[in-house]
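The values are calculated or read from the model by the stated rules, or taken from the named source; none is laboratory data. This is a predicted model, so every value here is computed, not measured. Methodologically, a virtual Cβ is constructed for each residue, glycine included, from the backbone with ideal geometry; neighbour enumeration extends over all protein chains shown. Heads up: the accessible areas ignore ligands, DNA and RNA and are worked out on the full protein's heavy atoms, side chains in. Shrake-Rupley method; radii C 1.70, N 1.55, O 1.52, S 1.80 Å.
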Amino acid sequence: MKPRRRWTLFWQLGLVLMAVQIAVAVFLAVYATRELRQFHHEQSVDDLRRLTPLVGGRLRAALASDDPDTLTERVGALGREAGVRVTVIDLEGKVLADSVHDPAEMDNHRYRTEIEAAMRAGDGFAVRRSATLRMDMMYFASVLRDGERPIAVVRTAKSLSTVNAELSRVLRAIGTAGLVLLALTVLVIGLASRRLSRITARLADGAERFARGELDHRIEEPRARELASLAASLNRMVAQLSDQFRQLQVQRNEEQALLESMSSGMIALDLQQRVFRLNRRAEEMLEVNEASARGRLLQESVREPELNRFVADAVAAGGRISAEFRLRRLGDRTVLAVNEPLFDAQMAPLGLLIVLNDVTEVRKLESIRSDFAANVSHELRTPITNIKGYLETMLEVGAEDKAQTERFLEIINRNTNRLEAIVEDLLALARLEQPGARAALEEVEIPLRSVISAAAGHFVAAAGAKNIALRIDVPGEPAARINPQLLEQAVSNLLSNAVKYSDSDTMVTVTARRREDGEVEIAVSDQGPGIAAEHLPRLFERFYRVDRARSRELGGTGLGLAIVKHIALVHGGRTDVESRLGGGSTFKIILPEERGGGG
Ligand code: ADP
């Protein structure tokens, strides 16, 4: 389509103005022509009317002389003097003399309009084309009398071309004035239009920049009052807009921050189940980005059958539901999905919010707890069953057989000790695991050698029985802020295992030293059987044993290393193990730097 040519406002106005000017000029010309012609006409008639008798009077003598040459000369002189054509005609119509033409060549004038009229009424007037001169003329004829007797007709005539010349001069003046006025109009309009265009262009440019979002731009106010107030209004409007925009931005940023910092995945769906919002966590969980998912159905961008089923169920249910399932993208992690209806500010339904929570850790903890409960029951049941069995046997068979009774009592005693040991260890663990355990820890600054010596003291006999050498090595004699009872128990547990699991004639070494990084390390090394690598990560779990039967036989509860780990933890430290099957084991307690007081 061809764009319509647009006229500037000023040119539209200008065209009207120019049309008016042209109309006025034309009107003036027509009016002037008419008035001038009429005026001239009347004037000429008056002139001729006055002139003719005068001319007639001054011709009497020449007429009386009856000499044609005298008359012709006189007529010529009078004509020149008066600036008119003078003709003298006798009463039959014959031309006697003419101021501009030879009478001999002129036809009879009796029936010329003005002559006829003069014959009838004494005076005659006519405007017509002269047959003699071939031009438009005005004639006035008058009968010249001698007393009452007519002697001739005197006629004066004036060419109308002088009128036309005058008229065309006037018209030229009107035309010139009109053209000058028109030119001035065009010039003024051109200038004004250019100025206005510049101003409006500036306004338009400003508005354009606002539309592009340059809200800090301000339009320079033009001098013209109306346009200045328009510019001011535009500027004010944009200032307000930009204020509101900023507020919205802040609000949006806050909401964004809120949404993004949530640890839950959030998916907002509209009423057609199309995604309109995904927070970062949801993007991670579903491995999809918001930009590509927005505006599409969830199942189009996310291939998670369980999640899509959940959405369908939630829509079908109409109310709140929840479900737990695994997301393919997250491997074996479990999420808990709940839905929540979404409403806008006017409480009109907007869609559906799906909240996804990774509950893997929670479920793992729950399962550890229930495993633990099962393990505890199992551990307790074995000694209880034993005790009960032997007691019942004794009740049945009586105490006659003294040797057997003693053996039974011995077994019952051993199982009772075992029960006691398990319960003691469980209690110790429970205390260490209490939420406030770390804060409530009573600590003293103490040389580590004293703690290690006290622990080793308990195992001198057991080690001696297996001919195991106990060596203590504390270079630099470090001290630390610790709870001595707990740390002694931890070192004792490690020593107990080392002596218990090592063969005879070996050596167990306890060392304590400050490491280069400032941490304090207590290590118990043995030359025992060692532990296969696959067991190492789980060694410090409760009831985890490499060889269940052997541990039981040696009186282990399966809780010793778990207690060591928790003692390290309440001190803000950690444990470590290095071991190789057949190559001995080294268990370590590592305490953080600030615990290592004056060294
Ligand atoms: P337990 O009461 O069975 O000794 P622990 O928690 O103290 O329980 O130890 C867990 C398991 O770690 C033990 O059953 C044993 O198999 C293994 N273990 C611990 N210390 C040693 C060691 N010094 N040498 C070899 N194996 C060890």
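A Förster distance of 56 Å, applied to the separation of the beta-carbon atoms of Glu593 and Arg309, puts the FRET efficiency at 0.60. Pairwise Cα distances in the stretch 401-446 exceed 11 Å for 74 percent of all pairs. Most tightly packed first, judged by the mean number of other beta-carbon atoms within 10 Å of their residues, the peptides 123-133, 485-495, 368-378 read 485-495, 123-133, 368-378. Distance between the C-alpha centres of the stretch 306-338 and the stretch 446-488: 56 Å, rounded to the whole angstrom.
Dipole check for the chain: with +1 at the C-beta of Lys and Arg, -1 at the C-beta of Asp and Glu, and the Cα centre as origin, the magnitude is about 2600 Debye.
Computed over Cα pairs, the Kirkwood radius of the stretch 477-520 leads via Stokes-Einstein (0.890 mPa s, 25 °C) to a diffusion coefficient of 198 µm² per second.
Net charge of the neighbourhood of Arg209, taken over other residues with C-beta under 15 Å away and scored Lys/Arg +1, Asp/Glu -1, is -2. Distance from the C-alpha centroid of the stretch 506-556 to that of the stretch 82-131: 161 Å, rounded to the whole angstrom.
Stokes-Einstein diffusion coefficient for the stretch 273-349 at 20 °C in a medium of 1.002 mPa s, Rh from the Kirkwood formula over Cα pairs: what value in µm²/s? It would help to have the intermediate numbers written out before the result.
Values: Rh = 13.4 Å.
The Stokes-Einstein estimate is 160 µm²/s.
How large is the Kirkwood hydrodynamic radius of the stretch 163-303, in angstrom, based on all distinct alpha carbon pairs?
21.4
Here the Kirkwood formula, the inverse mean of 1/r across different C-alpha pairs, assigns the chain a hydrodynamic radius of 39.2 Å. The count of lysine pairs in the chain whose Cα atoms are under 26 Å apart, excluding pairs fewer than 8 places apart on the same chain, comes to 8. Mind running the shape call on the stretch 370-467? Use the C-alpha gyration tensor, a ≥ b ≥ c as the square roots of the eigenvalues: rounded below 1.5 for a/c, prolate if a/b tops b/c, oblate otherwise. It is oblate, given that a/c is not under 1.5 and a/b is not larger than b/c. Using θ = phi - 60° in the Karplus curve 6.51 cos²θ - 1.76 cosθ + 1.60, the 3J(HN,Hα) couplings for the stretch 47-56 round to 4, 5, 4, 6, 5, 4, x, 4, 4, x Hz; x is entered for Gly and Pro.
For Thr334, the residues whose amide H sits under 5 Å from its own are Val359, Thr360, ignoring neighbours fewer than 5 places away on the same chain, with H placed 1.01 Å from N.
Taken along the Cα-to-beta-carbon direction at a fixed 7 Å, the label points for Arg274 and Ala192 span 5.3 nm. Computed on the stretch 219-368, with alpha-carbon pairs under 8 angstrom and 6+ residues apart, the relative contact order is 19 percent. Ordering Ala131, Leu179, Ser159 by Cα displacement along the dipole of the stretch 125-189 toward the positive end leaves Ala131 in first place; charges were set at the Cβ atoms of Lys, Arg (+1) and Asp, Glu (-1). When only the Cβ of Lys, Arg, Asp and Glu is charged (+1, +1, -1, -1), the dipole of the stretch 396-508 relative to its Cα centre reaches about 260 debye. Normalising by residue count, the stretch 72-115 has a Cα convex hull of 66 Å³ per residue. The average projected area of the stretch 455-592, computed from the convex hull of its Cα atoms over all directions, is 8.0 nm². What would the Debye equation give as log₁₀ I(q)/I(0) for the stretch 37-182 at q = 0.12, 0.14, 0.18 Å⁻¹, counting only Cα atoms as equal point scatterers? Calculated log10 I(q)/I(0) at the listed q: -0.50, -0.64, -0.98. Computed in the context of the full set of protein chains, the accessible area of the chain at 1.4 Å probe radius has 55% of its extent on carbon or sulfur. Across the stretch 583-589, computed HN-Hα scalar couplings (Karplus, 6.51 cos²θ - 1.76 cosθ + 1.60, θ = phi - 60°) run x, x, 9, 10, 9, 10, 10 Hz from first to last residue, x flagging Gly and Pro. If R0 is taken as 35 Å, the Cβ-Cβ distance between Glu166 and Asp123 corresponds to a FRET efficiency of 0.85. Seen through its C-alpha gyration tensor, with square-root eigenvalues sorted a ≥ b ≥ c, the stretch 41-99 comes out prolate because a/c lies at 1.5 or above while a/b is bigger than b/c. The phi-based Karplus calculation (6.51 cos²θ - 1.76 cosθ + 1.60; θ = phi - 60°) puts the 3J(HN,Hα) values of the stretch 102-108 at 6, x, 5, 8, 9, 7, 5 Hz, whole numbers, x for Gly and Pro. Only one residue of Ala32, Val84, Ala532 has its Cα farthest out toward the positive end of the dipole of the chain, where Lys and Arg carry +1 and Asp and Glu -1 on Cβ, and that residue is Val84. Sorted into 10 angstrom bins from 0, the C-alpha pair distances of the stretch 129-208 split as 14, 18, 15, 13, 11, 9, 8, 6, 3, 2 percent. About the centre of its Cα atoms, the stretch 1-137 shows a dipole size close to 1540 debye [charges on the beta carbon of Lys, Arg (+1) and Asp, Glu (-1) only; nearest 20 debye]. Between Ser370 and Glu477, the simple label model (points 7 Å from Cα in the Cβ direction) yields a spacing of 5.6 nm.
Based on Cα contacts under 8 Å between residues 6+ apart, the chain shows a relative contact order of 7 percent.
Scattering from the stretch 422-477 was approximated by placing one identical point on each alpha carbon and applying the Debye formula without solvent; log10 I(q)/I(0) at 0.18, 0.26 1/Å stands at -0.89, -0.98.
In a fully extended conformation the segment linking Ser242 and Thr360 would gain 37.8 nm over its present Cα-Cα distance, using 0.36 nm per residue.
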